[in-house]
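The values are calculated or read from the model by the stated rules, or taken from the named source; none is laboratory data. If you're wondering where the values come from, they're calculated on a predicted model, not measured in any experiment. As a convention, Cβ positions derive from the backbone with ideal geometry for all residues, glycine included, and neighbour counts pool all protein chains shown.
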Protein chains: 2
Amino acid sequence: MALNERQTEILNTLKNEKKVAVADLAKALYVSEATIRRDLIEMKSMGLVERSHGGAILPENVEEVSIFFRMEKNATEKERVATKALLYIPTFNSVFIDSSSTALALAERIDLNFKTVVTNNLQTALQLSKKPNINLILLGGHVHYNTHSATGSWTARQLEDFSFDLMISSCAAVLNGCAYERSLDQKEIKRAAFENCKYRILLVDHTKFGAHATYKLAELTSYDLVVTDAPPPEGTDNGNVKFLY
Amino acid sequence: MALNERQTEILNTLKNEKKVAVADLAKALYVSEATIRRDLIEMKSMGLVERSHGGAILPENVEEVSIFFRMEKNATEKERVATKALLYIPTFNSVFIDSSSTALALAERIDLNFKTVVTNNLQTALQLSKKPNINLILLGGHVHYNTHSATGSWTARQLEDFSFDLMISSCAAVLNGCAYERSLDQKEIKRAAFENCKYRILLVDHTKFGAHATYKLAELTSYDLVVTDAPPPEGTDNGNVKFLY
DNA sequence: GCGTTTTTGTTCGTTTATGTTCATATTATA
DNA sequence: TATAATATGAACATAAACGAACAAAAACGC
């Protein structure tokens, strides 16, 4: 998910100028405004810019390091999954949102119809804290730089205090009808939330279907809904999983 | 959520002038008064200004304004305090860093000589998570957008699990030899950490000396060290507080 | 080379930001 | 308190910016 030259140039301009106008960029880079807009849409999906009428600005909390985190990979796919999932998320009282870039993409877009939202991801919490009228609770624990999330037995124990109506979750890989996670820490938290929850939604972009991860999280059939951006590959045993794409 | 350039300009004017007139702003920014009014309405909804007939003023008794606003406000002073404090921070095993823009400024600069760092501020946690070899723990709880921190009784109770060697703290105001805080939530957390701590450092830039805040945190003498960027005003009773500037 | 996919440009109906007008509300003052 | 001066919000108007759909061009694979 490398940025093309033009988008890199936009980002550089933005870092110098604080804000850029679509019209100016179009002239400077010798392309139509539509192209610039498409660039900005894509860059927004990676969380690299905030759009405003007539142009774009740098988002408040993005620093150098987090840019790479956001650009990591398959940002567009994740965005597509997140956007799709929005259509099927019912109104619930209490929700747990796990630590994953797909769930973060969703949190950025969601127009909250929840009363209480709980998460262990710092970026997700910062994002959601912008929205008014929601009771936002962040779980505490060991902070990992890579995932921007709090984990550990301390965190897991905090989850015992909750019972969620809904869990919005993602995973590192899907194989043989099961969801897998890459680290034991994350698995522990996701599993703990999973146990204390009535309705479960799993978000997976299609790149997860071929992937590999070590720790088994749960069978796909134990989720009430699995949202993806493309059908799962043929020949895999998906039983009666409710896929949506 | 992000302010546009014009609104940022309004805010800057407001910081210098204490109050602004709609008519003046309209002339200065080359827009109609209706536009200024719409800006003010929006800014008021974010709690950034109070409206009055003919103009607007900075909100006086706000519990907490956005951390971005606070970071900009007296940024150089805070930076100076943070840099100064760095010289006097001993090597300790466990440290609590409270939620404040001054402490955040310090966290950004500190070259860690601690094993374990605990904080309830999300930005501080993200900042420190970059540094390797430290055991970073974030407290969970209610997340406030303005302060980017977790507070509440749940958070306070988590603090009971800790005993710190050092607390790095700040406050909203200093008056009559006491430190004050603007919100009860923040006070609760700072106080809880305060109690379970051996060595206490307070960071205050000189603008805090004239300020006002509602909730008393502690007497200055109960801190082992108070770091400022300028001497406290004459005539105030500072007993045997160890000031450093 | 030729069909396919990806990228870019163009058009057009819709939305957004801003300006203008005017009836009402607020403040000043006589 | 009555009256004038001014500020305000709501309604409407307009121009710029936007997204979506389609068309053209370029890049790609075979």
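Here are the numbers for this structure:
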item	result
Residues (more than 20 Å from the chain's Cα centre (by Cα) and either part of a loop (DSSP other than H, G, I, E, B) or charged (D, E, K, R) (or both)) located in region A:133-170	A:133, A:152, A:157, A:160, A:161, A:162, A:163
Test: residue in region B:146-162 that is within 10 Å of chain A (Cβ to nearest Cβ) and free of Cβ contacts under 8 Å to residues at least 12 places away in the same chain	yes
Residue match in region A:137-150 (condition: in contact with a strand residue (DSSP E or B) (Cβ under 8 Å, 6 or more places away or on another chain), crowded, with 22+ Cβ neighbours inside 10 Å and within 17 Å of residue A:201 (Cβ to Cβ))	no
Count - residues of region A:26-37 that are in a helix (DSSP H, G or I), loosely packed, with under 13 Cβ neighbours inside 10 Å and within 9 Å of DNA strand C (Cβ to nearest atom)	1
Residue that is modelled with the highest pLDDT [pool: residues in region B:50-61 that are within 16 Å of DNA strand C (Cβ to nearest atom) and in a loop (DSSP other than H, G, I, E, B)]	B:53
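Matching residues to (1) crowded, with 18+ Cβ neighbours inside 10 Å; (2) in contact (Cβ under 8 Å) with a residue 24 or more places away in the chain; (3) under 19 Å from the mean Cα position of the chain (by Cα):
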residue	(1), (2), (3)
A:177	no, yes, no
A:195	no, no, no
A:203	yes, yes, yes
A:209	no, yes, yes
A:213	yes, yes, yes
A:216	no, yes, no
